[in-house]
Amino acid sequence: MRKETQALLLVFLLGIAALVLGSVFPTLSIQQDTRPPMVAIVWPSDGALVNISSGHVAVVVRAEDDSGLLYVKLYYRMVGEDAWHVLAHTFGTGEREPYSALTAPRERTVTFHITDATPGDYEMYAEACDIALNTATTTYIEFTAEEVPVIAGEIVKPEPGSTLKMGIVHFVVMTTGSMPQSVYLLVKDTSGNTIQTIELENTEVVQNHAIYEGDWDTSSLEAGETYIVEVHAVVYGTDYIIASGDYEIYLPLLAPGIPSSRSRTNIPGILLLVGFIALAGVLGFVAYRAVRKSLSS
């Protein structure tokens, strides 16, 4: 009887404790993660022309998730094929810290390298998965792989080979193909030494054409010399020389064929001119004295 009483008392006390704890602390609930990660293909862009002369195509994918990323995958195939090729990057593999919800990356940019690309049209999409096994995919994008430059261009203004007066020269460049991150002019002398670098600003985009403009200040350069202008475009970290390559420009101070004030002074010619002026002055003075003497007599 005594043991039964003790057991009932214990149950009663546990019940009281449960009621007290339930009234003091809020109800605990486990929030299930149902939000999928964010994923996007950063490069190449849809419709881009991709150069495969290097033997591979670099595809950049960015993913984000509040709870942590588990993996990112890239699916690609040539247009018209049935089977997808898959490249995967699983986070935590080969990393120093044990992979867990605490160490899982919240955002990451992954570069995949397609090493079996041949010339042709491709389509691809990316997939990301978080630690709660929520997945998300990007929309399909297409690109064309060719063994040609990713970007081309031309100098619209001034015309290559033209003669320019010293001062401010306005440059207009048109690019075709992939959208560059930056376009700039590299000015060199005839020995290949870099003299100036001029950044150009994007002023217009029409389909796969883009216009870049900027001013080149030639006032600090030597008149009468020839300079070479290269137009460079940076496309996702790779620097390309576009247009026709080197651009020659002549900088006379005045008009072509007229010596500038920076040209070497012709000392003998100046002395000869001064001599002629002095001789003319002496002859004029002698003639004046002779005429005056004849009049006085």
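No value in this document is a laboratory result; all are computed from the given coordinates. Remember, it's a predicted structure, so these values are computed and weren't measured experimentally. Ideal geometry is used to build each Cβ from the backbone, glycine not excepted, and the neighbour counts take in all protein chains shown.
Worth pointing out:
- Coupling constants for the stretch 162-170 follow from the phi torsions by the Karplus curve (6.51 cos²θ - 1.76 cosθ + 1.60, θ = phi - 60°), and in residue order they are 6, 8, 10, 6, 5, x, 8, 10, 8 Hz; glycine and proline get x.
- Antiparallel %, DSSP beta bridges [both residues in the stretch 38-146], to 5: 90
- Computed log10 I(q)/I(0) for the stretch 150-205 at 0.12, 0.19, 0.20 Å⁻¹: -0.34, -0.84, -0.92, from the Debye equation with unit scatterers placed on every C-alpha and solvent omitted.
- Rounded, prolate or oblate (a/c below 1.5 giving rounded, otherwise prolate when a/b exceeds b/c) for the stretch 38-146 by Cα gyration tensor: prolate
- Ordered by the count of other Cβ atoms within 10 Å of each Cβ, fewest first, L273, L49 give L273, L49.
- For the stretch 151-250: span of alpha carbons on each principal axis (Å, largest first): 40, 22, 19
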